[in-house]
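Right, one structure below, let's go through it.
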Amino acid sequence: MSSEISVQQQVDRFMQGAGDALTDDTVARLGFMINELLIIADRITRNKNIMKLLEMSESKDFAKVLDALGNAVESQKNAPKSSGIGGMLKVMGDPNVQNSLRLLGSINKELNK
Amino acid sequence: MHILVVGGGMGGTILANNLARRLSGELEQGSSKITMLSATDKHMYQPGLLYVAVGKMSTTELYRDQKSLLEPSIDFHVDPVEKFDMDNNSVTTKSGKKISYDILCIATGSRGNAAGIPGLAENACQFYTEADALAMYKKLQKFEGGKVVVATGVPHKCPMSPLEITFFLVDYFKKRGIWDKVDLHYTYPIGRVHSLEPVANWAAPEFDKLGITYETLFNMKEVVPGKVISEEDSSAEFDLLVTVPPHKGQQVIEDNELGAGGFIPTDKKKLNMEGRENVFVLGDTTNLPISKAGSTAHFEAEALGENIAALVQQGEPVREYDGKVFCFIEAGDGKATYAMFDYNNPPNPQAPTSGLHWFKTAYNRMYWASARGII
Ligand SMILES: Cc1cc2nc3c(=O)[nH]c(=O)nc-3n(C[C@H](O)[C@H](O)[C@H](O)COP(=O)(O)OP(=O)(O)OC[C@H]3O[C@@H](n4cnc5c(N)ncnc54)[C@H](O)[C@@H]3O)c2cc1C
């Protein structure tokens, strides 16, 4: 007799294991999650704007945006706290922030095409 | 080309989404338009009611906003149709609007009609509306044992529900530890325990194994407290009566005299209303002698979606509905089986398995993706 487990035996073992591990609640939650994921995936793939954003995410420009944004966040984390309009103007003058805003503007323009 | 879909339930929603995807170019250019008129802004997953009745699902899980299930290109309005003027290709809605169409699709569904049998509504538990399913659950919770009778009217939607509720009742009573105090008696209107012979051949031995007694050729005539009397002059005494009530089509179909009992005469393959080339009917609203089930509405919607899109794009339909239906059958004890059939092939249900029960349990939560036309 072959020592290999037959496909049927494997299926039986899988079902037995799944039966021990799964409750109706677990299966229901899994079903719920799959449903939500499918709907999100469908929305993303059918939404032209999100598709454009995904295409852009592969471009070098997008990497620059993320880089610039990262730098801007980093420089503001270490900057002394300043509040009010004066503080905001100072932040806006930072070259990292300006670069990021420019690139964010171009993403926005792309999405609204 | 203006396509008007009347009814935002299973059939109408799947059809409208299917068409919106197929005709996305035409909708974007404005050469076609899809409008949906429905009676409510909520979409109910009706098969969940069976589970609510035995405490296996909560009512909050049954609903989603109808708008959230539709492709954004579909113009959706909650404004039920009151008058169909098919000679002039228009409908009039409750708010008084007159809407013209080139193609009309009717999917207004069906409704339980317990009132058609004297004493049934007053004396039986039902699970075909949210209120009835909740009331049934409350009544079950107070039940401590005795004679339970399941009685079914014709026609009814969901062909498997008389069997499923019977198996679920066994589970429920076992879980409560009162199964040994219950006599469960199943009745059915024709000469076997299910309308589909192979399903009846599978179910009867399952009943025998569980000690469920049954009586066939039992058509409810009247119900009095504690007793259901049949047209065939027999009767069954009960402490608890559970019914799958007889069904009718919607009032609007009857009022407009579109078909006897509210069911519209429909071509079994083309799915157009008899005598009307630009009016299509799907789901429970047809008078077709096939199951009134969500899966019927789903398969019909897919065939119609392809055909109506082809009509718009090339002036000719491309396929016919083959009568396909797929119904899960919850068999109790954490197991299920299924029946799949079409106009030419009868079902062949196999022994129930846990895997199929999990599939159905998961599908109950995945229905929304199905309504959107994703699965
Ligand atoms: C308890 C229960 C269990 C079930 N179990 C199953 C199952 O396991 N498997 C299965 O396949 N099927 C099952 N079904 C059957 C399934 O739910 C129906 O067959 C299916 O919903 C029919 O789809 P439909 O589009 O024809 O009608 P519906 O889904 O009922 O939709 C009708 C729509 O028409 C709208 N409407 C009504 N009047 C008007 C009007 N005048 N103008 C505009 N709109 C209007 C309503 O608001 C609704 O949106 C079950 C049903 C119940 C109640």
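Between residue B:125 and B:241, B:242, B:243, the built amide H atoms are under 5 Å apart, and every one of these is 5 or more places off in sequence or on another chain.
Taking other residues whose beta carbon is less than 15 angstrom from the beta carbon of residue B:135, and scoring Lys, Arg as +1 and Asp, Glu as -1, yields 0. Backbone phi angles across region B:222-233, fed through the Karplus curve with coefficients 6.51, -1.76 and 1.60 (θ = phi - 60°), yield HN-Hα couplings of 7, 10, 10, x, x, 8, 10, 10, 9, 4, 7, 6 Hz in residue order; Gly and Pro are listed as x.
Amide H to amide H, with H built 1.01 Å from N, residue B:217 comes under 5 Å of B:188, B:190, B:191, B:192, counting only residues 5 or more places away or on other chains.
Partner aspartates and glutamates whose Cα lies under 16 Å from the Cα of residue B:335, excluding those fewer than 8 positions away in the same chain, are identified as A:12, A:20, A:24, A:25, B:164, B:171, B:206.
Mean separation of Cα pairs under 8 Å and 6 or more residues apart, divided by the residue count, gives chain B a relative contact order of 19 percent.
Tally up the carbon and sulfur contribution to the accessible surface of region B:116-246 as a whole percent, 1.4 Å probe, everything protein left in place.
Percent of accessible area from carbon and sulfur atoms in region B:116-246: 52.
Taken one residue at a time, the phi angles of region B:97-114 give Karplus couplings (6.51, -1.76, 1.60, θ = phi - 60°) of 6, 9, 10, 8, 9, 9, 10, 10, 10, 10, 9, 8, x, 9, 9, x, 9, 4 Hz. Gly and Pro are set to x.
Among the listed pairs B:139/B:292; B:209/B:360; B:83/B:248; B:142/B:248; B:181/B:209; B:98/B:270, those with a Cα-Cα distance over 21 Å are B:139/B:292; B:209/B:360; B:142/B:248; B:98/B:270. Interface size between chain A and chain B, please: total buried accessible area, 1.4 Å probe, rounded to the nearest 100 Å². Separately minus together, A and B give about 1600 Å² buried. For residue B:338, the residues 5 or more places off, or on other chains, whose built amide H falls under 5 Å of its own are B:329, B:350. Considering only B:255, B:132, B:79, the Gaussian network model of chain B with Cα springs below 10 Å gives its largest mean-square fluctuation to B:255.
Under a cut-off of 14 Å between alpha-carbon atoms, report the aspartates and glutamates in cross-link reach of residue B:268, not counting same-chain residues fewer than 8 places apart. Reachable aspartates and glutamates: B:277, B:284, B:300, B:320, B:322, B:342. Whole-Hz Karplus values for region B:30-43 come out as x, 7, 10, 8, 10, 10, 10, 10, 9, 8, 8, 8, 10, 10 Hz, taken residue by residue from phi with 6.51 cos²θ - 1.76 cosθ + 1.60 and θ = phi - 60°; glycine and proline positions read x. Look at the alpha carbon pairs under 8 Å that are at least 6 residues apart: their mean separation over the length of region B:241-375 gives a relative contact order of 13 percent. Partner aspartates and glutamates whose Cα lies under 12 Å from the Cα of residue B:94, excluding those fewer than 8 positions away in the same chain, are identified as B:79, B:82.
Taking every protein chain into account, the accessible area of chain B amounts to 41 square angstrom per residue (probe 1.4 Å). Of all DSSP beta bridges confined to chain B, the antiparallel ones make up roughly 50%. Compared with the dominant Cα axis of chain B, that is its longest principal axis, helix B:130-142 is turned about 10°.
A convex hull fitted to the Cα coordinates of region B:116-246 yields 98 cubic angstrom per residue. Restriction of the GluC sites (Glu not before Pro) in region B:283-329 to DSSP coil positions whose beta-carbon has at most 14 other beta-carbons within 10 angstrom yields B:320.
Remark: relative contact order (region B:1-123) = 34 percent; criterion is Cα-Cα distance under 8 angstrom and separation of 6 or more residues. Taking the longest Cα principal axis of chain B as reference, the axis of helix B:161-176 is set at about 50 degrees. Taking every DSSP bridge with both residues inside region B:116-246, close to 35 percent are antiparallel.
Accessible-area rank, largest first, for A:13, B:176: A:13, B:176, with all protein chains present and a 1.4 angstrom probe.
The values are calculated or read from the model by the stated rules, or taken from the named source; none is laboratory data. All values reported here derive from a predicted model rather than from experimental measurement. In this analysis, Cβ positions are derived from the backbone assuming ideal geometry, glycine residues included, and neighbour counts consider all displayed protein chains. Surface areas here come from the heavy atoms of the whole protein model, side chains and all, with no ligands, DNA or RNA. Shrake-Rupley method; radii C 1.70, N 1.55, O 1.52, S 1.80 Å.
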